[in-house]
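Chemist: Here it is, the structure in full.
The values are calculated or read from the model by the stated rules, or taken from the named source; none is laboratory data. Treat the numbers as computed from the prediction; the structure is a model and nothing was measured. Glycine gets a Cβ as well: all are built from the backbone with ideal geometry, and neighbour counts include every protein chain shown.
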Amino acid sequence: MNAMTGSDTAGDDRAAWRPDDPIDESATAGAGVDANGIVTGWSEGARRLLGYRPTDVVGRPAASLLAGEPPAETLRSLKTLPRWNGTATLLHRDGHHLAVNLLAHRREPAGGEEGGWEWLLVSPLARPASPLHDDTLVMWAFTRSPFTTALYDTGLRLRRANADMERVIGLPEAAMQGLRISEIVVDPESDRTERCMRRALETGEQQHLQQSLHLAGHESKSVWTTLLTPVRDAEGTIRGVLLSAYDVTEEHLARGRLALLNEASIRIGSTLDLARTAQELADVAIPRLADFVTVDLLPAIEGGDDPRAGSPPSPVMLRRVAYQSVLEGCPEVVVKRGTVAAYPDESTAARCLTTGRPLIENVTASAMDRVASQTPDRAERMRHYGFHSVLAVPMRARGITLGVATFSRHRHPEPFEQDDLLLGEEITARAAVCIDNARRYSRERRTSLTLQSSLLPQRLPPQAAVDVASRYLPAGTQAGVGGDWFDVIPLSGARVALVVGDVVGHGVQASAAMGRLRTAVRTLADVDLPPDELLTHLDDMVIHLSAEAESAAGIVGDIGATCLYAVYDPVSRRCAMARAGHPVPALATPDGAVVFPDIPAGPPLGLGGLPFEVTEIELPEGSILALYTDGLIEARGRDIDEGLDALRKVLARPAPSLESTCDTMLQTLLPDHPADDVALLVARTRALDAAHVATWDVPPDPSAVARTRRDATRQLTAWGLDEAAFVTELVVSELVTNAIRYGGAPIQLRLIRDRNLICEVSDASNTTPHLRRARTFDEGGRGLLLVAQLTQGWGTRQTYTGKTIWAEQTLSPETFTVAEDGRDDDGLTG
């Protein structure tokens, strides 16, 4: 009631009770009582009930209206209960006692103090009983109920059906009376309903069902929630079953859309593969949203490039990337995967891309004629499979239009609606972001691969010391390319350096760091540093690179790397190796043994302050040395020992070539998609025998120069290199003279016939000569300048006993040819 003030005039005709007024507020007696038991409000109904006017009661204790003291138990319960109901005996104004039913609500008073409360007491005024009127009201309620309601007797025969039941079934009540539900609705679900009705009669418990029904006169199935309630008489005997059903089709579809969105969030974008992501979009939409789905992208997208701004040119060219159908084999498809097809301006896909908005198009006769005039093959498939509704959604991400997803229906009888459009937009937008991520990743990966490829050796240089084969395999996961690398560096004296390294991390940064390290190694190798000294200088460089990265980025930019550096001399067949935290190489000797040389590991590059150690071993001719990065032996979840054992087994098998050895290693040790990139360098050692090397000890006497020249000339004649005699005499004369004059004993001359002719003079002095231009009146200083001008190259390398100065001459192809069997015309083994 709105207020509890009422009228001050008892018996006022204007306030007369009208029993036929259904909204007469005065038909309820109401009063307000505060926490102290004081009456705070009094309604007109209360005046009619007890005869007191508001001025007589408000402000007085409520207990003065009671006929006697209330029970102590009731008073205690009122302090804690939020609501109370019961019978109370009240005093009428004229003095007689009146027993009434009271309902008391505990509540906060309107506009009262914070934390206060009061009781609202209400009691209905007595009305004349009218069972006939109530029965009529109940029947009206049953007939007009918004729920589909029907009453069945214990024989499961329909007795009464309301208006909504008649509407849903499409039959009047008279046509259904006396029939069972399975006879009214011919559907497998009606049999299930009857079984539940029997269970309700037998157990007396309410049964709950959710059913999908295809009712007569309805185009599609609908989903219903049904309650089957046993009906009891006054004695509790079950007399029938009340069926109450509610159409929850819209709620069911909404839950289905939410479930589809949740599934799309899980299934779409599981990888950074563009085509697979597009296929995941097509798969997730079948069959709950559409019967046939195609995903077409602008051709520039798959290359990782951004399409040009604005609307696509006419006709729109799209590449089919994915499709899926409810029919096995996708027989509806016209454009196969990977094919670029033209879409006319009036096509659904073209209009969707041009406007940049999704659209729904029902396939009418006129629309089909338009399709047939432009693309007859598509029109033929659409007619054959009964396409009737199409939904096209543009694929956009980060402001870029990527393509279009087209959803079609030919088995769903319902056309696409606005809710379907919103759902299609949601899952397409999710897929578009994932496809754009894949596109950007592909572009970055392609950039990294290009950078990596440009930084690795494009072709291994020719040299006589070893036969080599190599492989670089980028990671097959999202990590992409990394910093693994290898190199083969020809050195003076027919020697060769074999290098394998690994920069920690992946991506462009790792590739760039790798390129800088490889360049540094080549620079340091050019000055013929021993392996341990080279790694020491490389360690310093990594420390400087880390400092630069930290300074540029403002964060810690440590660059971690490992490296193995080996120098092999085909004359002595000795190999000197040092490693900086890198896996130990594998050595397979011609007798079939496979070992891992004991080379001190050394710290990874970039730590600084720790030494590197060299191990030197003599290798039999034909030995195979395998250098690799850790991705080779740690794949497939193996630990290092398991990986080394697997590598040993591969190298122990005979192989027709080094190339096949590399292939076998990768196939045996790596999975299809390795988690880390791998660099592999395999070398078979060769030897230069006495037929290709001549050595003379030179006395520290200037008179020995002439004899040394003659010895060198005779050796050239024996090798058939008479045309190189003039330059060789000059080189020998200059280098030996310098050694006698400025060096120290012992002095040695060595000629090596490799692909080039190498002249080396060694002495005990560590002093390095320098090339300079002699002035007009200088008596010396022109010798090294002549050597530099007449030879391909020259240089100095430090040794443990002094230094070696070398000069290299190019031989004509006629004087040095290598036969197909790996042996040159003078018997050089290889």
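Chemist: Can you find a residue that is without any contact (Cβ under 8 Å) to a residue 12 or more places away in the chain, in a helix (DSSP H, G or I) and among the small types (Gly, Ala, Ser) anywhere in the range 683-699? Steps first, answer last, please.
Modeler: Just the residues of the range 683-699 that are without any contact (Cβ under 8 Å) to a residue 12 or more places away in the chain, to begin with: 690.
Narrowing the set further to residues that are in a helix (DSSP H, G or I) leaves none.
No: the range 683-699 contains no residue that is without any contact (Cβ under 8 Å) to a residue 12 or more places away in the chain, in a helix (DSSP H, G or I) and among the small types (Gly, Ala, Ser).
Chemist: I'm trying to understand the selection: among the residues of the range 162-214, which are touching a Leu at 6+ places or on another chain (Cβ under 8 Å) and part of a loop (DSSP other than H, G, I, E, B)?
Modeler: Answer for the range 162-214, where residues must be touching a Leu at 6+ places or on another chain (Cβ under 8 Å) and part of a loop (DSSP other than H, G, I, E, B): GLY170, GLN177, GLY178, LEU179, ARG180, VAL185, ASP187, GLN206.
Chemist: Still on this structure: Looking only at residues in the range 588-610 that are farther than 14 Å from LEU625 by Cα and either touching an Asp or Glu at 6+ places or on another chain (Cβ under 7 Å) or among the hydrophobic types (A, V, I, L, M, F, W, C) (or both), which one is surrounded by the most Cβ atoms within 10 Å (Cβ to Cβ)?
Modeler: Result: LEU605.
Chemist: Which fully enclosed strands (runs of 3 or more DSSP E) of the range 215-299 have 1 or more residues being in the same structural domain as THR401 (by TED's automatic domain parsing), modelled with pLDDT of 85 or more and touching an Asp or Glu at 6+ places or on another chain (Cβ under 6 Å)? I'd like the intermediate steps shown before the answer.
Modeler: Working: elements: 222-232, 238-247, 292-297.
Per the criteria, 292-297.
Chemist: Is at least one residue of the range 747-762 of a type in the set (Lys, Arg), under 15 Å from TRP696 (Cα atoms) and without any contact (Cβ under 8 Å) to a residue 12 or more places away in the chain?
Modeler: Scanning the range 747-762, I find no residue that is of a type in the set (Lys, Arg), under 15 Å from TRP696 (Cα atoms) and without any contact (Cβ under 8 Å) to a residue 12 or more places away in the chain, so the answer is no.
Chemist: Here is a follow-up. If you go through the range 144-177 one residue at a time, how many are over 16 Å from SER244 (Cα atoms) and out of contact with any strand residue (DSSP E or B) (no Cβ under 7 Å at 6 or more places or on another chain)?
Modeler: 6
Chemist: Cβ contacts < 6 Å: first residue closer than 16 Å to THR225 by Cα and in contact (Cβ under 8 Å) with a residue 24 or more places away in the chain, restricted to the range 178-197; second residue part of a loop (DSSP other than H, G, I, E, B) and β-branched (Val, Ile, Thr), any location; separation 6+ or different chain. Result?
Modeler: Once the first residue is closer than 16 Å to THR225 by Cα and in contact (Cβ under 8 Å) with a residue 24 or more places away in the chain and sits in the range 178-197, no partner that is part of a loop (DSSP other than H, G, I, E, B) and β-branched (Val, Ile, Thr) comes close enough.
Chemist: Evaluate the range 738-752: report whether one residue or more is under 30 Å from LEU625 (Cα atoms) and either touching a Ser or Thr at 6+ places or on another chain (Cβ under 9 Å) or not in a strand (DSSP E or B) (or both).
Modeler: First pass over the range 738-752, keeping only residues under 30 Å from LEU625 (Cα atoms): 750-752.
With the extra rule that they be either touching a Ser or Thr at 6+ places or on another chain (Cβ under 9 Å) or not in a strand (DSSP E or B) (or both), the set shrinks to 750-751.
Yes - at least one qualifying residue is present in the range 738-752.
Chemist: Let me ask you something else. Can you tell me which of (1) farther than 20 Å from ALA679 by Cα; (2) at pLDDT 90 or above is the one ILE624 doesn't meet?
Modeler: For ILE624, the exception is condition (1).
Residue-wise test of (1) at pLDDT 90 or above; (2) closer than 30 Å to ARG638 by Cβ.
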position	(1), (2)
LEU670	no, yes
LEU680	yes, yes
ALA683	yes, yes
LEU688	no, no
VAL698	yes, no
GLN715	yes, no
ILE740	no, no
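Chemist: Quick one: which strands (runs of 3 or more DSSP E) lie wholly within the range 553-641 and hold at least 3 residues that are not hydrophobic (A, V, I, L, M, F, W, C)?
Modeler: On the way: elements: 561-569, 574-580, 586-588, 615-618, 624-628.
Those strands (runs of 3 or more DSSP E) span 561-569, 615-618.
Chemist: Among the residues of the range 744-783, what is the count of those that are in contact with an Asp or Glu (Cβ under 7 Å, 6 or more places away or on another chain) and modelled with pLDDT under 85?
Modeler: Summing the residues that are in contact with an Asp or Glu (Cβ under 7 Å, 6 or more places away or on another chain) and modelled with pLDDT under 85 in the range 744-783 gives 2.
Chemist: From ALA655, ALA646, grab the single residue that is touching a helix residue (DSSP H, G or I) at 6+ places or on another chain (Cβ under 7 Å), surrounded by 13 or more Cβ atoms within 10 Å (Cβ to Cβ) and in a loop (DSSP other than H, G, I, E, B).
Modeler: Working: ALA646 fails: in a loop (DSSP other than H, G, I, E, B).
Unique residue meeting the criteria: ALA655.
Chemist: I would also like to ask the following. ARG276 passes all but one of (1) surrounded by 14 or more Cβ atoms within 10 Å (Cβ to Cβ); (2) under 27 Å from THR203 (Cβ atoms); (3) among the basic types (Lys, Arg); which number fails?
Modeler: Only one criterion is unmet by ARG276, namely (2).
Chemist: Let me ask you something else. What number of residues within the range 658-672 are under 19 Å from ASP484 (Cα atoms) and surrounded by 13 or more Cβ atoms within 10 Å (Cβ to Cβ)? Outline the logic, then answer.
Modeler: Taking the range 658-672 first, the residues under 19 Å from ASP484 (Cα atoms) are 662-663, 665-667, 669-672.
Imposing the further condition that a residue be surrounded by 13 or more Cβ atoms within 10 Å (Cβ to Cβ) reduces the set to 662-663, 665-666, 669-670.
Looking only at that region, the number is 6.
Chemist: Would you check if LEU391 is touching a residue at least 60 places away in the same chain (Cβ under 8 Å) and under 18 Å from GLU417 (Cα atoms)? Steps first, answer last, please.
Modeler: Numbers: touching a residue at least 60 places away in the same chain (Cβ under 8 Å): yes; under 18 Å from GLU417 (Cα atoms): yes.
In short, yes.
A quick yes/no check of all residues on (1) hydroxyl-bearing (Ser, Thr, Tyr); (2) modelled with pLDDT under 90:
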site: MET139; (1), (2): no, yes
site: PHE147; (1), (2): no, yes
site: ALA150; (1), (2): no, no
site: VAL168; (1), (2): no, yes
site: GLU183; (1), (2): no, yes
site: ASP187; (1), (2): no, yes
site: THR203; (1), (2): yes, no
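Chemist: Could I ask something else about it? Got at least one residue in the range 807-828 being modelled with pLDDT under 80, buried (at least 16 other Cβ atoms within 10 Å of the Cβ), outside any loop (DSSP other than H, G, I, E, B) and in contact with a strand residue (DSSP E or B) (Cβ under 6 Å, 6 or more places away or on another chain)?
Modeler: Residues of the range 807-828 that are modelled with pLDDT under 80, as a first pass: 812-828.
In the following step, the residues that additionally are buried (at least 16 other Cβ atoms within 10 Å of the Cβ) were identified as 815-816, 824, 828.
Add one more test, that the residue is outside any loop (DSSP other than H, G, I, E, B), and what stays is 824.
Filter once more, keeping what is in contact with a strand residue (DSSP E or B) (Cβ under 6 Å, 6 or more places away or on another chain): 824.
Within the range 807-828, one or more residues are modelled with pLDDT under 80, buried (at least 16 other Cβ atoms within 10 Å of the Cβ), outside any loop (DSSP other than H, G, I, E, B) and in contact with a strand residue (DSSP E or B) (Cβ under 6 Å, 6 or more places away or on another chain).
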